[in-house]
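Beneath this line is the structure, given in structure tokens, with notes to follow.
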Amino acid sequence: MPKTGVLIVGSGSAGIFAATWLAIYNIPFTILERRPGPLEIGQADGVQVRTVEIYDSFGLAEDLLREAYHIYEVCFWGVDDEQEYGGITRKSRSIDTETGLSHLPHVILNQARMNGLMLGKMEKIMKEKGTWKEGSANGIKYGWTVTGIEVDQSTVADPDAHCVRVSATKDSAHETWEAKYVLGCDGAHSTVRRSLSYTMLGDSTDTVWGVMDIYPVTSFPDIRRKCTVHSRSGNLMIIPREGGSLVRFYIQLPAGASPKDVKIEDLQSQAKAIFAPYPMDFAETFWWSAYSIGQRLAEQFHKDMRVFLTGDACHTHSPKAGQGMNVSLQDGYNIGWKLGSVLSHLSPPSILQSYVQERSKTAADLIAFDKELSRLFSRKEEREGEFAAYFTKSGRYMAGFTSRYEDSLVTRLQGSQEQEASKVGVGMRFPSAQVIRFCDAKPVQLQPVCRSDGRWRLFVFAGDVRRVQCRERLNKFSRSIEHTIQRFTPPEGHPDAVIEPILVLATRLKETEQNMVPDVFSPKTGKWGIKDVHKTYVDDEHYNAGHGHAYEQYGVDEGKGAVVVVRPDQYVAKVLALEDAVGVETFFEGCLLEQRAMVNESSKH
């Protein structure tokens with residue numbers, strides 16, 4: 001009976017993200033996927049801005065942005081009341097993503113390619129760690145259908161027990177795996193969820209959607225823009241695709257339609273009617289499908305904190321807001337680092353409760369939003385521009401920037417001093433601002449400094465250290481956090497292996513010297529133990545990139561400074577005053593395990 005640390009059912013977006021985190025932490029995993037190979041064509045394609053930021057954290061944004069279609073504008077079409085035959089006309093247009101929300105854009109790229117980029121990243125990580133074996137499955141077993149899951153209640157309290165058994169078949173073969181943890185990433189018809197006897201709560205009936213990837217022949221003027229089209233013949237959404245000619249239509253089919261009865265000719269005929277009087281022909285149909293979906297939420301997201309549901313296995317909704325792939329992969333992104341930290345014995349198992357707390361609320365918020373968007377999309381407007389106004393107002397939500405995680409072991413608004421960084425929200429994603437990297441004068445965005453490599457970040461905004469008061473305050477704080485960092489770092493690890501300190505100064509670049517920077521911000525790391533001088537940044541005018549005004553962007557007073565604790569998934573865990581080194585240590589005592597006892601306890605203060 002094979003054993004594995006984590007068994008993942010399904011190799012969709014959530015499963016791949018979780019597995020990539022496990023590879024980073026060097027934790028053994030097995031993915032069981034019923035398909036014969038990787039996803040070739042996916043229904044999902046919208047990549048929200050927050051998801052692009054996450055790909056950037058893995059070093060994949062350049063590839064993603066090069067291949068994707070970039071969305072800058074949304075057009076809203078409706079019935080032309082001035083024409084007797086009821087054609088359509090453009091009612092309004094608006095910016096797609098609010099200015100200043102992110103340094104990265106909203107894009108479109110097929111889910112199969114999105115997954116492929118992450119599979120490539122996972123392979124690269126495993127090769128770097130020496131765990132990749134050419135010609136072997138490397139953790140992903142295709143063609144296996146899971147048939148049942150059982151949790152051994154007699155050993156579930158033992159954190160090291162392989163207490164979950166997963167049965168699966170492939171052709172005539174039968175196998176049972178034993179795992180410490182199981183992730184159900186197996187979609188809306190989840191076998192994992194059914195094995196746990198969990199039901200989906202919500203809509204009693206499904207809405208049927210038709211989707212076509214087509215090469216259109218048309219005079220419709222906005223065919224290369226993201227559009228919503230409301231006509232007397234029905235409604236659809238236009239999503240231009242990568243490559244320059246391919247376009248996706250999402251068409252909501254009439255009530256009572258059955259996916260199995262829908263033909264491509266039905267979708268084409270309805271599209272032609274919706275676009276009238278503009279001609280709409282189809283040079284080629286690359287792919288099409290019809291499927292039913294309801295707005296539902298699983299009654300539970302976990303079983304004994306050993307089996308966790310993710311993605312469509314625990315929440316389903318319409319494609320209108322383009323959130324499905326994004327929320328699913330962010331489920332995997334959330335649970336993956338937590339499992340990695342627990343199984344590496346860096347964190348207690350109790351931090352896993354935060355996955356259920358955080359992502360169940362995110363899913364409930366999504367379904368509430370989707371219901372309102374669907375209601376407005378499907379009915380006749382009560383007033384001109386009603387749908388466009390709601391769609392535009394919801395831009396920040398659809399970009400992925402409204403999630404705020406509540407207090408847990410890994411997020412502590414209580415006890416935070418948010419006024420010290422007033423534009424940074426505890427429980428929200430760490431925003432970005434331009435700064436200058438001190439060691440080489442390179443202008444960079446600060447958020448991507450938080451690479452997805454399993455480390456916590458301690459951003460120290462120390463003000464202008466040319467001033468004696470600021471310098472003395474920074475030096476005192478640095479001595480204390482050096483002790484804290486050592487407490488939670490394994491003896492064999494580099495000094496910044498668990499907590500990476502980042503210094504952001506408000507000095508003039510040309511007047512800053514390395515001897516102003518405490519040693520904790522330039523630890524000796526790597527193969528040769530060379531000082532890493534890449535952890536200090538300056539908020540100043542750059543030679544040719546302008547001024548990022550980072551202190552202003554984060555709401556930090558240069559005279560007081562601030563400390564921002566950021567989780568491995570780029571979410572803000574706590575904000576503290578620069579004098580509160582004890583608060584930093586107290587926070588980490590709640591979510592990290594001490595790796596070595598400190599001899600000099602007096603250095604704590």
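The values are calculated or read from the model by the stated rules, or taken from the named source; none is laboratory data. These numbers were taken from a predicted model, which means no experiment stands behind them. Glycine gets a Cβ as well: all are built from the backbone with ideal geometry, and neighbour counts include every protein chain shown. The protein model used for the area step is the full one, side chains on, heavy atoms only, and it has no ligands, DNA or RNA in it. Shrake-Rupley method; radii C 1.70, N 1.55, O 1.52, S 1.80 Å.
General observations
- Simple point charges give the picture: +1 on the Cβ of Lys and Arg, -1 on the Cβ of Asp and Glu, and for the chain a dipole about the Cα centre of about 620 debye.
- Between the residues PHE488, TYR571, ALA581, the greatest Cα displacement towards the positive end of the dipole of segment 418-590, with unit charges on the Cβ of Lys, Arg, Asp and Glu, is found for PHE488.
- Only one residue of PHE391, ILE8, ILE264 has its Cα farthest out toward the positive end of the dipole of the chain, where Lys and Arg carry +1 and Asp and Glu -1 on Cβ, and that residue is ILE8.
- Loop-located chymotrypsin sites (Phe, Trp or Tyr not before Pro) in segment 1-83 (DSSP state not H, G, I, E or B) with no more than 15 neighbouring Cβ atoms inside 10 Å: TYR72.
- Check: segment 73-203 dipole with +1 on Lys, Arg Cβ and -1 on Asp, Glu Cβ, in debye: 600 debye
- Applied to segment 280-292, the Karplus parametrisation 6.51 cos²θ - 1.76 cosθ + 1.60 on θ = phi - 60° returns per-residue 3J(HN,Hα) values of 9, 10, 10, 5, 6, 9, 6, 6, 8, 6, 10, 8, 10 Hz, with x for Gly and Pro.
- Share, in percent, of DSSP beta bridges within segment 418-590 that are antiparallel, nearest 5: 65 percent
- Rg(Cα) / (2.2 N^0.38 Å) computed for segment 106-229, rounded to two decimals: 1.54
- For segment 7-114, the set of GluC sites (Glu not before Pro) satisfying both a DSSP loop assignment and a count of at most 16 other C-beta atoms within 10 Å is given as GLU40, GLU82, GLU84, GLU98.
- Residues with amide H under 5 Å from that of SER347, placed H, sequence gap 5 or more: VAL342, LEU593
- Alpha-carbon Rg with Dmax, taken over segment 352-481, Å: 20.6, 66
- Among the trypsin sites (Lys or Arg not before Pro) within segment 313-410, those in coil by DSSP and having at most 10 neighbouring Cβ atoms inside 10 Å are LYS380, ARG383.
- Using θ = phi - 60° and Karplus 6.51 cos²θ - 1.76 cosθ + 1.60, couplings along segment 328-342 (whole Hz; Gly, Pro as x): 5, 5, 6, 4, x, 5, 6, 6, x, 5, 5, 4, x, 5, 5
- Relative contact order %, segment 418-590, counting alpha carbon pairs below 8 Å whose residues are six or more apart: 37 percent
- Share of alpha-carbon pairs per 5 Å distance bin for segment 418-590, given as whole %: 1, 9, 19, 23, 23, 16, 7, 2, 0
- Surface listing: HIS189, HIS534, HIS302 arranged by accessible area from highest to lowest gives HIS189, HIS534, HIS302, probe 1.4 Å.
- Between 0 and 90°, nearest 10: helix 468-487 axis offset from the chain longest Cα axis: 80 degrees
- Of all DSSP beta bridges confined to the chain, the antiparallel ones make up roughly 75%.
- When you work out D = kT/(6 pi eta Rh) for the chain at 20 °C and 1.002 mPa s, using the Kirkwood radius from C-alpha pairs as Rh and the Stokes-Einstein form, the result is 83 µm²/s.
- Measuring max minus min along each principal axis, the C-alpha atoms of segment 179-301 give extents of 56, 33, 23 Å (largest first).
- Over all orientations, segment 55-144 has a Cα convex hull whose mean projected area works out to 10.6 square nanometres.
- Computed over segment 276-394, Kirkwood Rh from alpha-carbon pairs, angstrom: 17.1 Å
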